[in-house]
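The values are calculated or read from the model by the stated rules, or taken from the named source; none is laboratory data. Fair warning: this is a prediction, and the values are worked out from it, not measured in the lab. All Cβ positions, even for glycine, are placed from backbone atoms using ideal geometry, and neighbour counts span all protein chains on display.
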């Protein structure tokens with residue numbers, strides 16, 4: 001009885017006007033009293049009838065709240081009646097996190113994966129980072145209309161995921177597109193739709209690669225691929241690429257299990273692989289029974305002449321896995337990419353994405369299928385090809401006029417970025433850092449090298465910038481170079 | 001000259017009315033002639049002037065097409081003039097894939113990952129598979145409106161991905177929601193937005209786990225988690241769960257690096273973890289410096305009493321990683337889930353998703369943030385709680401009336417599925433196969449067991465079925481059981 005007298009009735013009020021059900025309010029209050037120590041182990045709770053009268057609520061409300069506390073173990077009930085605060089409740093930590101407690105570590109491979117981030121762009125700066133398409137003129141109203149239309153499909157389509165490999169409609173549209181535009185001839189069943197090219201890289205790094213397997217990776221080569229492959233435990237062998245082409249010599253490199261290449265528009269050099277090199281590479285892959293991963297990230301953007309057909313079309317031996325993305329042709333945050341895999345791998349890849357969760361949202365798949373089928377994609381590509389060609393021209397002119405003293409930028413038949421090579425021996429990472437302070441976000445080339453001595457220069461993503469931004473970007477770079485010149489040798493490379 | 005006479009001029013026509021530029025048409029035709037062998041190595045192409053007259057196209061068109069063939073190595077040009085089919089071209093395989101050629105294999109872990117698919121639902125059947133929410137009454141018109149609105153944001157927001165961990169607005173909304181609804185108190189920075197709960201599982205299986213590390217996984221336990229953990233190379237130790245609770249005894253199991261649990265609504269048993277068990281588990285994790293992964297897949301659906309707060313709120317030692325999803329509360333194909341990680345892990349996880357490509361599409365993130373902030377999510381949850389409570393009641397009544405002879409289905413306070421235990425010793429996989437033939441797609445419980453002897457029964461996802469479908473589903477099961485009774489002992493378990 002003395003216990004009942006100390007029960008903090010005064011603080012216990014429920015609000016009938018609140019959105020929260022009375023039971024929930026009461027349960028929450030009693031639980032917090034227990035956790036805060038206002039009710040201690042062994043304290044008896046008021047009888048349900050008494051409490052219901054006190055609070056002017058139905059007795060069932062009190063019974064339900066007690067029942068919940070009982071179910072969770074905060075209180076115990078005795079057969080003779082009565083409800084007591086349980087022993088276990090006392091052991092619940094009262095306040096938040098204790099920062100002094102040691103925390104388990106990341107796994108070794110977790111630390112490795114987390115050490116290889118994709119370079120993010122810096123918000124609020126002029127974005128001259130490579131890989132970002134034009135955004136302002138994307139037909140978002142059309143996209144929005146198609147999205148809204150697909151969001152209201154109430155049928156089988158949208159509401160569940162019965163085929164993890166991708167929606168049949170999108171797979172078919174992609175297969176058709178690839179045949180026409182990229183020389184990739186495949187059945188819709190060979191297309192696996194995933195959440196972007198990076199997910200595709202991560203997936204192949206696990207599905208066709210075991211820890212310690214050798215991968216030939218272009219040097220210089222795409223950072224995102226390097227991260228995914230290293231994250232998958234690959235042992236990398238540098239496949240040297242120079243302005244003149246790919247140096248394919250299997251006597252210089254360990255036998256590969258996978259060969260990763262960007263033949264349409266090499267990252268970051270921008271060259272395209274000649275037919276002899278393609279055949280030679282397929283020959284090497286055949287000899288070692290290796291896979292070829294063809295990352296066709298930029299294949300659509302060729303300004304002079306028709307697009308170069310993908311390597312996939314040359315392969316009669318079922319060993320090319322093709323990776324494509326819509327993040328560069330539509331908009332970066334779309335997160336839809338795809339793989340084309342040999343027929344025998346279609347089912348295993350579909351099962352694998354069901355485990356890795358890398359299959360793409362159906363609503364985006366359906367919207368994209370409509371966007372392509374209704375001709376908007378082709379129209380957009382055509383407009384972008386023209387726009388990027390114009391933008392490249394303007395960018396080159398400005399670079400030539402304002403930056404030639406420090407950096408030579410060569411024109412390119414393809415792609416959304418250009419390579420600027422330093423005339424002086426600057427350290428490109430320091431230049432990029434200085435440019436960022438001048439408001440221009442740009443990628444140093446050297447980070448794309450990993451075994452061979454890096455070239456220094458900038459990878460200049462001109463495609464996403466309108467005229468005003470282009471002028472501002474070049475002005476920012478000019479100011480950066482002038483700063484460097486006027487200061488000490490701080491930015492010079494060590495000899 | 002004899003060569004020129006045999007040049008297949010007749011088949012070479014371009015269509016000025018076509019969408020494809022003339023250069024592209026001509027290039028494509030010549031390339032196909034070469035690949036088909038109609039032009040052979042050493043054959044000379046017509047002079048550009050002659051061909052342009054023949055085809056009635058500008059000479060520049062022909063020059064550009066030849067240039068492209070030259071660039072790709074199909075033809076060579078001699079300094080004295082003239083263009084010949086190159087040697088390399090002859091080596092391009094003429095037709096498609098040669099099926100007799102050996103293909104490299106999947107990696108060992110690839111084969112493992114692909115051997116653990118998430119069970120898909122079968123289209124065209126009544127979907128009694130667990131985990132599918134109500135779909136017909138989801139406010140898709142609101143969703144569509146918000147999607148369309150967000151698709152037209154032209155600002156920084158939509159067009160690029162500068163923070164791989166998730167859009168700040170959604171992270172904040174999720175953090176607030178979790179505090180109020182799930183007892184999970186965290187900063188927005190601790191929320192990592194990913195493409196669904198399966199991606200979250202796959203991610204933690206790599207980031208906090210190395211190959212060969214021991215994971216305590218509930219037995220019976222969630223198949224999707226088992227697949228992701230095995231795919232990550234985990235050595236599993238069965239944490240036994242029975243109707244009475246979790247058998248937490250660290251002397252019976254090897255020291256864990258990770259403990260995976262579903263404490264709010266255990267999969268598949270549907271029980272919730274008592275406070276003593278939660279504290280005991282945290283104690284074990286502390287002793288071995290192990291992580292706890294709390295998969296709160298169904299925490300929102302509790303029909304009687306308030307939701308049980310997540311285990312995350314009990315942890316003062318920074319070792320609980322919380323996984324949530326919107327695929328069960330909104331719709332399955334949404335593909336947005338999240339993790340709540342300790343503060344120190346926020347940056348590494350953000351970097352890791354940039355490598356694995358498991359970050360979610362911004363357009364869906366922004367739409368979801370609006371949907372939650374504008375109150376639609378809470379409203380939908382409230383409606384679904386009522387709806388599912390009603391549906392569970394109806395489903396139980398029908399099971400009791402029609403199926404009690406073969407299967408007992410117990411009511412549950414929470415969740416979107418119920419456990420049906422066989423009264424007779426049926427083999428549940430055979431029953432599920434027979435039910436599918438009767439038009440009902442349902443999951444056998446036994447597949448959720450992996451070390452302990454499996455129980456046999458059905459996991460019945462009642463939540464997504466309206467009254468008509470519920471009646472049809474129970475009728476289909478009744479017919480299935482009657483078939484079994486009338487046939488031999490075919491479906492009986494071996495004694």
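Being on the phi > 0 side of the Ramachandran plot and at pLDDT 90 or above: is that true of residue A:166 here? Explain how you work it out, then say what you get.
Numbers: on the phi > 0 side of the Ramachandran plot: yes; at pLDDT 90 or above: yes.
Judged against the criteria, residue A:166 is a match.
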**Prompt:** Given A:309, A:263, A:256, A:268, which one is within 9 Å of chain B (Cβ to nearest Cβ), part of a loop (DSSP other than H, G, I, E, B), surrounded by 19 or more Cβ atoms within 10 Å (Cβ to Cβ) and in contact (Cβ under 8 Å) with a residue 12 or more places away in the chain?
**Reply:** A:309
**Message:** For region A:114-128, which positions are at the interface with chain B (Cβ under 9 Å from one of its Cβ atoms) and modelled with pLDDT of 90 or more?
**Reply:** A:127
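Looking only at region B:368-393, count how many residues are at positive phi and modelled with pLDDT of 95 or more.
Step one: list which residues in region B:368-393 are at positive phi, which gives B:375.
Filter once more, keeping what is modelled with pLDDT of 95 or more: none.
Qualifying residue count, region B:368-393: 0.
Need at least 2 residues that are under 21 Å from residue A:114 (Cβ atoms) per element, so show me which strands (runs of 3 or more DSSP E) inside region A:186-252 make the cut, counting only ones lying wholly within it. Give the derivation first.
Working: elements: A:191-194, A:214-219, A:235-242.
The qualifying strands (runs of 3 or more DSSP E) are A:214-219, A:235-242.
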**Asked** Regarding residue A:164, is this residue within 10 Å of another protein chain (Cβ to nearest Cβ) and in contact with a strand residue (DSSP E or B) (Cβ under 7 Å, 6 or more places away or on another chain)?
**Response** yes
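Specify which of the listed residues (A:285, A:360, A:347) is farther than 23 Å from residue B:193 by Cα, facing another protein chain (nearest Cβ under 10 Å) and in contact with a strand residue (DSSP E or B) (Cβ under 6 Å, 6 or more places away or on another chain).
Values: A:360 fails: farther than 23 Å from residue B:193 by Cα; A:347 fails: in contact with a strand residue (DSSP E or B) (Cβ under 6 Å, 6 or more places away or on another chain).
The conditions single out A:285.
I need the full set of residues from region A:312-330 which are in a loop (DSSP other than H, G, I, E, B), touching a strand residue (DSSP E or B) at 6+ places or on another chain (Cβ under 9 Å) and either farther than 30 Å from residue A:276 by Cβ or more than 9 Å from chain B (Cβ to nearest Cβ) (or both), in order please. Walk me through it before giving the result.
Keep residues of region A:312-330 that are in a loop (DSSP other than H, G, I, E, B), which gives A:315-319, A:326-330.
Still in the list and also touching a strand residue (DSSP E or B) at 6+ places or on another chain (Cβ under 9 Å): A:315, A:319, A:326-327.
A:326, A:327 - these are the residues of region A:312-330 that are in a loop (DSSP other than H, G, I, E, B), touching a strand residue (DSSP E or B) at 6+ places or on another chain (Cβ under 9 Å) and either farther than 30 Å from residue A:276 by Cβ or more than 9 Å from chain B (Cβ to nearest Cβ) (or both).
Which of the following residues is out of contact with any helix residue (DSSP H, G or I) (no Cβ under 7 Å at 6 or more places or on another chain), farther than 27 Å from residue B:303 by Cα, surrounded by 22 or more Cβ atoms within 10 Å (Cβ to Cβ) and at pLDDT 95 or above: B:479, B:432, B:473?
On the way: B:479 fails: surrounded by 22 or more Cβ atoms within 10 Å (Cβ to Cβ); B:473 fails: farther than 27 Å from residue B:303 by Cα.
Being out of contact with any helix residue (DSSP H, G or I) (no Cβ under 7 Å at 6 or more places or on another chain), farther than 27 Å from residue B:303 by Cα, surrounded by 22 or more Cβ atoms within 10 Å (Cβ to Cβ) and at pLDDT 95 or above holds for just one of B:479, B:432, B:473, which is B:432.
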**Prompt:** Based on what the data block shows, is residue B:357 more than 30 Å from residue B:468 (Cα to Cα) and at pLDDT below 95?
**Reply:** yes
**Test set (1) touching a strand residue (DSSP E or B) at 6+ places or on another chain (Cβ under 7 Å); (2) surrounded by fewer than 24 Cβ atoms within 10 Å (Cβ to Cβ); (3) closer than 30 Å to residue A:28 by Cα - residue B:213 fails condition number** = (3)
**Item:** Residue match in region A:225-233 (condition: within 27 Å of residue A:343 (Cβ to Cβ) and without any contact (Cβ under 8 Å) to a residue 24 or more places away in the chain)
**Value:** no
**Fill in**
Only one of (1) at the interface with chain A (Cβ under 9 Å from one of its Cβ atoms); (2) farther than 30 Å from residue B:146 by Cβ; (3) surrounded by fewer than 18 Cβ atoms within 10 Å (Cβ to Cβ) does not apply to residue B:185, and that is (2)
**Complete:** For region A:31-87, the count of residues that are touching a strand residue (DSSP E or B) at 6+ places or on another chain (Cβ under 7 Å) and assigned to a helix (DSSP H, G or I) equals 4
**Complete:** Per the list (1) assigned to a strand (DSSP E or B); (2) surrounded by 20 or more Cβ atoms within 10 Å (Cβ to Cβ), residue check on residue A:408 breaks on (2)
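Of everything in region A:111-146 that's assigned to a loop (DSSP other than H, G, I, E, B) and in contact with a strand residue (DSSP E or B) (Cβ under 8 Å, 6 or more places away or on another chain), which residue is farthest from residue A:473 (Cα to Cα)? If you could, list the steps in order and put the result at the bottom.
Filtering region A:111-146 for residues assigned to a loop (DSSP other than H, G, I, E, B) gives A:115-125, A:128-139.
After this cut, where a residue has to be in contact with a strand residue (DSSP E or B) (Cβ under 8 Å, 6 or more places away or on another chain) as well, the list is A:119, A:121-122, A:125, A:128-130.
Details: A:119: 19, A:121: 15, A:122: 14, A:125: 9, A:128: 7, A:129: 11, A:130: 13 Å.
Ranking the qualifying residues of region A:111-146, first place goes to A:119.
Return yes when residue A:275 is in contact (Cβ under 8 Å) with a residue 40 or more places away in the chain, over 17 Å from residue A:415 (Cα atoms) and either more than 8 Å from chain B (Cβ to nearest Cβ) or out of contact with any strand residue (DSSP E or B) (no Cβ under 8 Å at 6 or more places or on another chain) (or both) and no when it is not. Working first, answer last.
Values: in contact (Cβ under 8 Å) with a residue 40 or more places away in the chain: no; over 17 Å from residue A:415 (Cα atoms): yes; either more than 8 Å from chain B (Cβ to nearest Cβ) or out of contact with any strand residue (DSSP E or B) (no Cβ under 8 Å at 6 or more places or on another chain) (or both): yes.
No; evaluated as a whole, the condition is false for this residue.
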**Request:** With the checklist (1) in contact with a helix residue (DSSP H, G or I) (Cβ under 8 Å, 6 or more places away or on another chain); (2) within 12 Å of another protein chain (Cβ to nearest Cβ) in hand, flag the one item residue B:200 doesn't pass.
**Result:** (1)
**Complete:** Filtering region A:331-344 down to residues that are surrounded by 24 or more Cβ atoms within 10 Å (Cβ to Cβ) and part of a helix (DSSP H, G or I) yields A:334
**Asked** Do you know which of the residues in region A:363-378 that are at the interface with another protein chain (Cβ under 10 Å from one of its Cβ atoms) and buried (at least 23 other Cβ atoms within 10 Å of the Cβ) is nearest to residue A:139 (Cα to Cα)?
**Response** A:367
